[in-house]
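Below: the structure, in structure tokens.
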């Protein structure tokens with residue numbers, strides 16, 4: 001229950017002629033994780049003989065699939081019963097490759113042409129104010145430059161060009177009121193380019209132009225229209241082809257993908273001329289199921305046996321369903337090795353408690369439950385949804401701690417009721433939800449700090465006890481050292497609070513100090529026996545671990561300060577209530593108060609998740625967890 | 001004289017928090033920069049790196065504990 005599922009390594013031996021049928025059976029059954037066979041007296045097996053044709057057709061079909069458009073209602077992951085031979089025959093019937101290549105090439109050409117025409121049109125638009133036929137300006141000895149010049153620089157440029165012989169400048173309306181569109185013609189030998197550049201002339205290189213810019217713009221627009229029309233025709237042809245072939249293509253793709261996996265899986269086998277061997281891991285409980293199934297399908301031709309050894313098995317977490325959200329948290333950090341403790345069920349207890357202590361507000365618990373519910377409803381399975389499930393679960397202890405701390409959106413229960421106009425006085429509700437267990441996080445900080453560190457000591461002790469269980473099978477000395485660390489924590493618990501809060505050493509209770517001292521000495525002996533003198537240097541480390549739980553108080557207090565002191569006192573009591581007579585201002589401020597509470601809840605959710613996870617993954621895990629397990633991944637047709 | 005003492009204790013408590021916060025920020029900046037480099041190469045390690053990024057927060061928590069103890073001993077909390 002607290003361990004990953006038990007795994008069994010097996011060896012399968014059979015005739016090579018049964019290989020394709022066996023690999024298909026294993027793929028369908030989905031029970032076995034195939035591993036590379038090591039240390040057997042046989043050569044490596046080659047992929048199945050159909051691999052080459054499967055691989056070629058798969059590449060071809062994928063290429064076609066990428067070009068076609070997905071059809072509405074077509075499921076990408078539907079199951080196919082099509083045999084491989086039929087799939088390959090169907091591949092032969094699909095002869096659209098050449099046409100698709102032609103269409104694709106034409107589409108690319110047209111898109112490039114449209115881009116180039118649009119660019120030319122944009123440039124010509126800058127010169128649209130020039131009523132000049134550019135075709136008539138062409139001459140062997142003259143060069144013309146078209147471009148834009150600022151109105152304020154125009155006269156200066158004109159003056160500068162006047163100094164050059166046989167130069168002519170024509171101007172027209174610019175694209176903006178501050179510009180002129182110009183064309184300057186001059187003998188090539190005069191080289192007016194430098195003069196133009198010096199006066200901020202912005203050259204417009206629109207390529208070879210025959211006619212006026214406006215005429216050329218019209219020609220470009222017509223050409224773009226024509227090209228777009230052809231593009232639409234190509235799109236329609238794609239649509240017709242997609243409608244006819246897409247469904248078939250994805251079905252074939254699915255079959256070929258399955259067979260590609262089967263063909264390459266045998267590369268992990270070893271083989272002689274007639275026989276093959278494969279190794280793999282499966283759940284121990286599935287050993288006989290596989291054994292019987294292969295016997296039924298192959299008679300006595302396939303031989304299955306267990307392999308004993310110390311190989312590291314893959315890990316499969318197998319907790320009851322209610323605990324599966326916490327498997328996500330375990331996997332998020334690192335999987336346990338197959339033979340160590342699976343902390344999922346322990347995290348299911350400790351994570352919500354630590355989280356709840358940090359959020360600790362009934363209202364915030366309700367908001368976080370609603371927010372988490374929204375995320376779960378709107379998102380697909382993945383990291384965010386995994387965290388949302390944890391938020392939803394942990395919102396319940398948040399509400400319970402909210403009752404213990406008497407925090408309701410930063411108010412006490414009594415104050416909240418009174419602000420809402422419900423007079424509860426000294427009723428039973430106030431006793432249950434308020435003063436009976438009331439520990440104010442804002443005013444009893446010392447007590448809160450002690451409680452959080454006490455929780456830390458208990459949490460660390462649990463981790464050390466799990467470490468003791470983990471180590472017992474490997475090294476009794478190291479297992480006892482874990483108990484020694486629990487003793488050191490217990491002695492610290494007896495001594496440290498007095499040292500922290502007593503005014504003088506003389507006021508220390510001698511009985512507790514003596515008991516603490518004895519426990520400390522015995523525990524230290526156990527630790528030094530296992531870890532040597534280095535164990536002594538670890539004591540500040542474990543004290544630091546325990547003090548680290550003070551973050552529960554720190555995060556909680558930060559949340560309360562924002563909720564109680566800033567949102568409620570400053571905005572609600574300071575601004576909203578004095579303006580009760582003005583409904584607009586009152587409701588506006590109330591809405592702002594609610595939004596700020598939601599924002600504060602979001603901060604509390606995120607911070608409590610990070611800090612709660614950190615306390616579990618760093619302080620707690622460090623006492624027993626090794627990790628580094630490899631996830632059990634059976635050879636299966638199910639999509640991972 | 002007692003008021004000056006209380007003020008000094010308050011300054012000491014503030015320094016404990018400020019010093020811890022600066023040290024945490026400094027450490028997290030260094031770890032964060034290194035973590036981003038690792039994530040660029042090996043995105044699958046991001047979950048572990050988040051934990052490393054949260055490690056230095058213990059420094060400011062110690063500052064917080066010290067500040068609370070100082071405040072408690074002077075009746076400030």
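Computed from the coordinates by the stated procedures, all read-outs in this text should not be read as laboratory data. Here the structure is a predicted model, which is why all the values come from computation and not from measurement. FYI the Cβ positions are ideal-geometry reconstructions off the backbone, even for glycines, and counts take in every protein chain you see.
Averaged over peptide B:53-65, the number of partner chain Cβ atoms lying within 10 Å of each residue's Cβ comes to 5. Label separation (residue A:439 vs residue A:24): 6.6 nm, computed from points 7 Å beyond Cα along the C-beta direction. Measuring between their Cα centroids, the range A:272-327 and the range A:520-561 lie 43 Å from each other.
Can you tell me the order of B:66-73, A:630-637 when each peptide is scored by its average per-residue count of other Cβ atoms within 10 angstrom, highest first?
Details: B:66-73: 18.9, A:630-637: 16.1.
Ranked by mean Cβ neighbours within 10 Å, highest first: B:66-73, A:630-637.
Estimated at 0.36 nm per residue, the fully extended path between residue A:136 and residue A:591 surpasses their Cα-Cα distance by 156.6 nm. Here the extension length gained between residue A:239 and residue A:510 equals 88.6 nm, from 0.36 nm per residue of separation less the Cα-Cα distance.
What is the mean number of Cβ atoms from other protein chains located within 10 Å of the Cβ atom of each residue in peptide A:539-545, rounded to a whole number? Please list the in-between numbers first.
On the way: counts 0, 0, 0, 0, 0, 4, 1.
Rounded to a whole number, the mean comes out at 1.
Peptide A:443-452 has a mean of 2 when you count, residue by residue, the C-beta atoms of other protein chains within 10 Å of its C-beta.
Relative contact order of the range B:15-73, taken over Cα pairs closer than 8 Å and 6 or more residues apart, is 57 percent.
The relative contact order of the range A:128-205, computed from alpha carbon pairs under 8 Å that lie at least 6 residues apart in sequence, is 43 percent.
For the peptides A:138-145, A:14-21, A:3-10, A:361-368, residues were scored by their other Cβ atoms within 10 Å and the scores averaged per peptide; the highest-first order is A:361-368, A:3-10, A:14-21, A:138-145.
Would you mind estimating how fast the range B:1-58 diffuses translationally, via Stokes-Einstein at 4 °C and 1.567 mPa s with the Kirkwood radius over Cα pairs, in µm²/s? Don't skip to the end; give the middle numbers.
On the way: Rh = 13.4 Å.
Approximately 97 µm²/s, per Stokes-Einstein.
Across all C-alpha atoms in the range A:496-640, the radius of gyration and Dmax reach 25.6, 75 Å.
Let me have the 222 nm mean residue ellipticity of the protein assembly as shown computed from DSSP H runs of 4+ only, each contributing -39500 (n - 2.57), with the sum over all residues rounded to the nearest 500. The partial results should precede the final answer.
Working: 23 runs with 423 residues, N = 717.
Estimated from H runs of four or more residues: -20000 deg cm²/dmol.
Between residue A:106 and residue B:18, what FRET efficiency follows from the Cβ-Cβ distance if R0 is 45 Å, with the result rounded to 0.05? Please list the in-between numbers first.
Numbers: r = 68 Å, r/R0 = 1.52.
Taking R0 as 45 Å, the efficiency between residue A:106 and residue B:18 is 0.05.
Cβ neighbours within 10 Å, averaged per peptide: list A:610-616, B:36-42 in order, most packed at the top. If you can, show how the numbers build up before the last one.
Values: A:610-616: 22.9, B:36-42: 10.9.
Top of the packing list down: A:610-616, B:36-42.
The C-alpha atoms of chain A define a longest principal axis, and helix A:324-333 lies at about 70 degrees to it.
Taking 0.36 nm per intervening residue step and subtracting the Cα-Cα distance, what contour gain separates residue A:267 from residue A:518 on full extension? List each step's numbers first, then the result.
Numbers: separation 251, 0.36 × 251 = 90.36 nm, distance 6.28 nm.
That pair, residue A:267 and residue A:518, stretches by 84.1 nm at full extension.
When every alpha-carbon pair in the protein assembly as shown is counted, what percent end up more than 38 Å apart? Roughly 63 percent, once rounded to a whole number. Working from Cα pairs under 8 Å separated by at least six residues, relative contact order for chain A is 20 percent. Given R0 = 30 Å, the distance between the Cβ atoms of residue B:45 and residue A:60 translates into a calculated FRET efficiency of 0.20. Altogether, the Stokes-Einstein calculation at 25 °C and 0.890 mPa s, with the Kirkwood radius of the range A:335-390 over Cα pairs as Rh, returns a diffusion coefficient of 188 µm²/s.
For residue A:378 and residue A:580, a Förster radius of 45 Å and the Cβ-Cβ distance give a FRET efficiency of 0.75, rounded to the nearest 0.05.
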